[in-house]
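Right, one structure below, let's go through it.
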Amino acid sequence: MLRSVRLASVGARRFSASAKRTSLNADLAEGYGPWTMTADEDLLQIVTTANVACGGHAGDANIMAAVLERAAVHGVSVGAHPGYDDKPGFGRRVLKMELDEIEHLIACQVGALLGVAALVRARRAAGGDAAAEVTHVKPHGALNNLACVDASVAAAITRGVAGVDPGLIMLAPVRAALASMRP
């Protein structure tokens, strides 16, 4: 079953018992091919969690792998950042899709990041290094906005994630339809 949490409750870095726990989160890997759109390396030095674009609105296998590698070095928790398959619109436009199509879209993108993460983990383990684990999902852009107000879309996203890995944490704004979903 997916766990729905507030944005500040995930992070790979350890804090003392007396320290206030805050998770600084950023969307990364938002480029594709030779184009980069975010200062991934700079951001990985200051964030505790990163949402990795996984091929819909942005991202590709190479940029996902690069961000996962660097996130491991910096001790940053990573999550999938799936969105509409809309690179020209950067996932900011609502695309008409059936609910089962949304489930497939989410499963495909989350599964892609988990697959790349498994490869990165195997490579890093061979060298004796720790690897970044995929811990959460934060939908992107227009799909996330729609899931916040439309319970059927939120449920489709939740089912898509749960079909791939029911242990992933779902990040959602407080009081959003997405925050109250269970598969």
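Brief remarks follow.
- When the helices of the chain are scored as -39500 (n - 2.57) per DSSP H run of n ≥ 4 and the total is divided over every residue, the value at 222 nm lands at -12500 deg cm²/dmol.
- In this structure, the amide hydrogen of Asn51, modeled 1.01 Å from its nitrogen in the peptide plane, lies closer than 5 angstrom to those of Ala26, Asp27, Leu28, Gly79, counting only residues at least 5 positions away or on a different chain.
- A straight chain from Ala122 to Val174 at 0.36 nm per residue would run longer than the Cα-Cα distance by 15.1 nm.
- The alpha-carbon positions of the range 84-167 define a convex hull whose volume is 96 Å³ per residue.
- Residue-span extension gain [Asn62 to Asp150] - 0.36 nm each, minus C-alpha spacing: 28.4 nm
- Between His136, Ala125, Pro88, the Cα set farthest toward the positive side of the dipole of the range 86-157 (charges on each charged residue's Cβ, about the Cα centre) is that of Ala125.
- Entry for percent of Cα pairs over 26 Å apart (calculated from the structure that is shown) out of [x] 25; [y] 19; [z] 54: [x]
- Here the extension length gained between Asp129 and Glu101 equals 6.3 nm, from 0.36 nm per residue of separation less the Cα-Cα distance.
- Charge dipole magnitude, Cβ of K and R +1, D and E -1 - the chain, Cα centre, debye nearest 20: 740
- Helix runs (DSSP H) in the chain reaching 27 Å along axis by Cα, Kyte-Doolittle at least -0.5: 99-126
Every read-out reported here was derived from the displayed coordinates using simple, explicitly stated rules and does not represent laboratory data. A quick note: this is a predicted structure, and the numbers were derived from the prediction, not measured. So basically every Cβ, Gly included, is an ideal-geometry build from the backbone, and we count neighbours across all protein chains shown.
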